[in-house]
Amino acid sequence: MSDSTDTWWEDAFPAMPREWKAPGNKQMLILIAYDISNPKRLSKVAKTLEDHGFRVQYSVFECRLNDLHFEYLWSALNDIINHEEDKLVAYQLDARSARKTLTAGQMTCSEKVLCYIM
């Protein structure tokens, strides 16, 4: 079998959901939701968000970002969408408000990875 220090499996398939952590001092918790009418743009928006946060619902991501990083991400997302057909919304929560976040239940699978083990 593999060595116990070999963590490739955990790296490739992180446990879902991730442990919730409040944003750091200079960060805020940002919930970004979207409704994109075109499959190509939908894929680009999702891929962009996967690089900055993690999916908590099909079209909702949690991101912990500082102001500058958020401005960059928001600009990138706005460059992708069609402003007449699509919608983006970002809810920004400071650390104090984020600590009041409640969750219930758990996500049972990730859409990002599909693998078959034989």
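The values are calculated or read from the model by the stated rules, or taken from the named source; none is laboratory data. Because the structure is predicted, anything quoted here is derived from the model rather than measured. Cβ atoms come from the backbone with ideal geometry, glycine included; neighbour counts cover every protein chain shown.
Does any residue of region 10-22 turn out to be at pLDDT 85 or above, part of a loop (DSSP other than H, G, I, E, B) and surrounded by fewer than 11 Cβ atoms within 10 Å (Cβ to Cβ)? Taking every residue of region 10-22 in turn, none turns out to be at pLDDT 85 or above, part of a loop (DSSP other than H, G, I, E, B) and surrounded by fewer than 11 Cβ atoms within 10 Å (Cβ to Cβ).
Here region 60-77 is the region considered, the condition is being within 17 Å of LEU88 (Cα to Cα) and free of Cβ contacts under 8 Å to residues at least 12 places away in the same chain, and the residue that is surrounded by the fewest Cβ atoms within 10 Å (Cβ to Cβ) is SER75. In region 23-40, the residue that is nearest to THR101 (Cα to Cα) out of those that are at pLDDT 65 or above, loosely packed, with under 15 Cβ neighbours inside 10 Å and of a type outside the set (D, E, K, R) is SER37.
Output yes when any residue across region 98-112 is under 16 Å from GLN27 (Cα atoms), surrounded by fewer than 17 Cβ atoms within 10 Å (Cβ to Cβ), touching a strand residue (DSSP E or B) at 6+ places or on another chain (Cβ under 6 Å) and at pLDDT below 95, and no when none is. No; the residues of region 98-112 include none that is under 16 Å from GLN27 (Cα atoms), surrounded by fewer than 17 Cβ atoms within 10 Å (Cβ to Cβ), touching a strand residue (DSSP E or B) at 6+ places or on another chain (Cβ under 6 Å) and at pLDDT below 95.
Does ALA95 satisfy the condition of being touching a helix residue (DSSP H, G or I) at 6+ places or on another chain (Cβ under 7 Å) and surrounded by fewer than 17 Cβ atoms within 10 Å (Cβ to Cβ)?
Numbers: touching a helix residue (DSSP H, G or I) at 6+ places or on another chain (Cβ under 7 Å): no; surrounded by fewer than 17 Cβ atoms within 10 Å (Cβ to Cβ): yes.
No: the conditions fail for ALA95.
When you scan region 60-86, how many residues do you find that are at pLDDT 95 or above and either among the small types (Gly, Ala, Ser) or in a loop (DSSP other than H, G, I, E, B) (or both)? Number satisfying all stated conditions: 8.
Within region 87-94, can one find any residue that is in contact with a Phe, Trp or Tyr (Cβ under 6 Å, 6 or more places away or on another chain), on the phi < 0 side of the Ramachandran plot, assigned to a strand (DSSP E or B) and modelled with pLDDT of 95 or more? Give the steps one after another, and end with the answer.
Taking region 87-94 and keeping what is in contact with a Phe, Trp or Tyr (Cβ under 6 Å, 6 or more places away or on another chain), we get 88.
Of the ones still in play, those that are also on the phi < 0 side of the Ramachandran plot are 88.
Checking which are assigned to a strand (DSSP E or B) leaves us with 88.
From what's left, modelled with pLDDT of 95 or more: 88.
Yes, the conditions are met somewhere in region 87-94.
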